[in-house]
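Notes follow the structure.
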Amino acid sequence: MTDATSTPECRQHGPMTLHTGDQSPAQRFTGTWYTCTDPTCWSAVLYPSTELVAALEAQGRPAKAP
């Protein structure tokens, strides 16, 4: 899935939820995280923040869409 306006889905468990738990400043800087609703699943999706994309591009490392 590459559409940042839609909720991503885990291939095994369905729609993911927005990760709103405790996050460090570094985690918040990276962008918007979605995690699988199954507690035994480690699937996650990151939609990178504008700041992260700019920082990567400044290093010559373009960010990739999820």
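Take the conditions assigned to a strand (DSSP E or B), among the aliphatic types (A, V, I, L, M) and open to solvent by less than 50 Å² (accessible area, probe 1.4 Å) and apply them to residue 45. Does it pass? Yes; evaluated as a whole, the condition is true for this residue.
Step by step: first the residues of the stretch 11-31, then only those that are touching a residue at least 24 places away in the same chain (Cβ under 8 Å) and open to solvent by 60 Å² or more (accessible area, probe 1.4 Å), then the one that is nearest to residue 63 (Cα to Cα). Which residue is that? Outline the logic, then answer.
Step one: of the stretch 11-31, the residues touching a residue at least 24 places away in the same chain (Cβ under 8 Å) are 11-13, 16, 19.
Adding the requirement that they be open to solvent by 60 Å² or more (accessible area, probe 1.4 Å) leaves 11-13, 19.
On the way: 11: 23, 12: 26, 13: 27, 19: 21 Å.
Selected residue: 19.
Is one or more of the residues making up the stretch 24-31 among the aromatic types (Phe, Trp, Tyr) and modelled with pLDDT under 90? Yes - at least one qualifying residue is present in the stretch 24-31.
The values are calculated or read from the model by the stated rules, or taken from the named source; none is laboratory data. Bear in mind that the values here come from a model prediction, so they are computed numbers and not experimental data. Here the Cβ is made from the backbone with ideal geometry for all residues, glycine too, and neighbour counts use every protein chain on show. These area figures cover heavy atoms from the full protein model, side chains too; ligands, DNA and RNA do not enter into them. Shrake-Rupley method; radii C 1.70, N 1.55, O 1.52, S 1.80 Å.
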